[in-house]
Amino acid sequence: MPTPVNPIDEPPHSLADTRQMLDAYLDYYRSVVLHKLDGLSESELRTSRLPSGWSSLELLHHLTHVERRWLRWGFLGEPVESPWGDRGPDDRWHVPDDMSPQEVRARFEEQCAWSRRAVADVPLDRRAPVGGRFATEAEAPTLGWILFHLLQEYARHAGQLDVVRELTDGAVGE
């Protein structure tokens, strides 16, 4: 079995505050996703290793849009141009050919920084407004629900990248 390379430490097990744990684990998984892409060439980032056809770069681009959809458009109710902008004409994840991996990564990092600032010190029980992503109060979730949803999305996609990275060059671990 290959040895894990450069493992990233989980948040400290001494954390007890739900909000601190949630924020820390979101940042942990954001880092894991980026780490999984480190050292891959542009060709490797744009090539799919899976029958479903998505590439690692497309997944990163997707996560940028996930953050925008759930926090900017969803939680804050702000208008978002092209909220499904991570989709191509066939409704699959897509990164435009003229968008470099460095640009995709920079946009992801900028969106994550924006997301952290946007929800800092906001109570988890605050509900999203009606009018952005959500048409009715019954549809509008709390910030806590949205952040937990993002956490599971990151955990699932980080696991998918574990498999893709191992298939690409044998690297395993966080």
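For segment 142-154, indicate whether the set of residues that are open to solvent by 30 Å² or more (accessible area, probe 1.4 Å) and assigned to a loop (DSSP other than H, G, I, E, B) is non-empty.
Within segment 142-154 (the criterion being open to solvent by 30 Å² or more (accessible area, probe 1.4 Å) and assigned to a loop (DSSP other than H, G, I, E, B)), the answer is no, since none of the residues qualifies.
Just wondering, is there one or more residues in segment 126-140 that are under 26 Å from M21 (Cα atoms), over 16 Å from the mean Cα position of the chain (by Cα), in contact (Cβ under 8 Å) with a residue 24 or more places away in the chain and buried (at least 17 other Cβ atoms within 10 Å of the Cβ)?
Yes, segment 126-140 has at least one match.
Is one or more of the residues making up segment 155-163 open to solvent by 20 Å² or more (accessible area, probe 1.4 Å), touching a helix residue (DSSP H, G or I) at 6+ places or on another chain (Cβ under 9 Å) and among the charged types (D, E, K, R)?
yes
Do we have R87 as over 12 Å from the mean Cα position of the chain (by Cα) and not polar (S, T, N, Q) here?
Yes; evaluated as a whole, the condition is true for this residue.
Name the single residue, out of those in segment 53-74 being hydrophobic (A, V, I, L, M, F, W, C) and open to solvent by 10 Å² or more (accessible area, probe 1.4 Å), that is nearest to F148 (Cα to Cα).
W70
So, S100, is that one at pLDDT 95 or above and of a type in the set (S, T, Y) or not?
Spelling it out, S100 is indeed at pLDDT 95 or above and of a type in the set (S, T, Y).
If we scan segment 51-60, do we find a residue that is more than 21 Å from A155 (Cβ to Cβ), in contact with a Pro (Cβ under 8 Å, 6 or more places away or on another chain) and in contact (Cβ under 8 Å) with a residue 24 or more places away in the chain?
The answer is no; no qualifying residue exists.
With the requirement that a residue be among the hydroxyl-bearing types (S, T, Y) and out of contact with any helix residue (DSSP H, G or I) (no Cβ under 7 Å at 6 or more places or on another chain), what does segment 87-123 give you?
Within segment 87-123, just S100 meets the criteria.
Taking only segment 69-115 into account, find how many residues are touching a residue at least 24 places away in the same chain (Cβ under 8 Å) and of a type in the set (G, A, S).
4
The values are calculated or read from the model by the stated rules, or taken from the named source; none is laboratory data. Computed from a predicted structure; not experimentally measured. Quick reminder, even Gly has a Cβ in these numbers, built from the backbone with ideal geometry, and neighbours come from all protein chains shown. Surface areas here come from the heavy atoms of the whole protein model, side chains and all, with no ligands, DNA or RNA. Shrake-Rupley method; radii C 1.70, N 1.55, O 1.52, S 1.80 Å.
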